[in-house]
Amino acid sequence: MQKITIGVYKTYKNAGNLRFHRTKTKKHWRHYFIEIDEDDENDYSFGTEWVSALKAVVLKRKQLYKKTFYCTDCESVFTSYVKKNQNECDECPNGCE
């Protein structure tokens, strides 16, 4: 299973099912990710987990963003997960160079 980090945010722990937070709750880091099955690329699931402050810093640096790219060789539009300031995708999913 491959984990793609979507975001790392501070949220209230034990806030319950309320739209507002309770006054005695504290904020903690939460890791949001997509788990992709290596055997079947179309099989994926969304997950979350609580992480420490140090692990949150590491995960934020590895965070990927979903961006849309255009391939000039095969003239197709595709989406890919890349780093924040990356404007080019490494390879086209259609297999052209």
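Scanning the stretch 37-56 for residues that are touching a residue at least 12 places away in the same chain (Cβ under 8 Å) and not aromatic (Phe, Trp, Tyr) gives 37, 38, 47, 48, 49, 51, 52, 53, 55, 56. Checking each residue in the stretch 40-97 for being more than 30 Å from residue 26 (Cα to Cα), among the aliphatic types (A, V, I, L, M) and within 18 Å of the chain's Cα centre (by Cα) picks out only 82.
Which residues, taken from the stretch 56-90, are under 16 Å from residue 34 (Cβ atoms) and either loosely packed, with under 13 Cβ neighbours inside 10 Å or not charged (D, E, K, R) (or both)? Residues satisfying the conditions are 59, 62, 63, 64, 65, 66, 79, 80, 81, 82, 83. For the stretch 62-82, enumerate the residues that are over 20 Å from residue 1 (Cα atoms) and not hydroxyl-bearing (Ser, Thr, Tyr). 67, 69, 71, 73, 74, 75, 77, 78 - these are the residues of the stretch 62-82 that are over 20 Å from residue 1 (Cα atoms) and not hydroxyl-bearing (Ser, Thr, Tyr).
Out of curiosity, is residue 94 surrounded by 10 or more Cβ atoms within 10 Å (Cβ to Cβ) and farther than 19 Å from residue 7 by Cβ?
Details: surrounded by 10 or more Cβ atoms within 10 Å (Cβ to Cβ): yes; farther than 19 Å from residue 7 by Cβ: yes.
So residue 94 fits the description; yes.
Read the figures in this text as sums done on the coordinates, not as results from a lab. Everything numeric in this text was worked out from a predicted model, so none of it was measured. Virtual Cβ from ideal backbone geometry, glycine too; neighbours counted across all protein chains shown.
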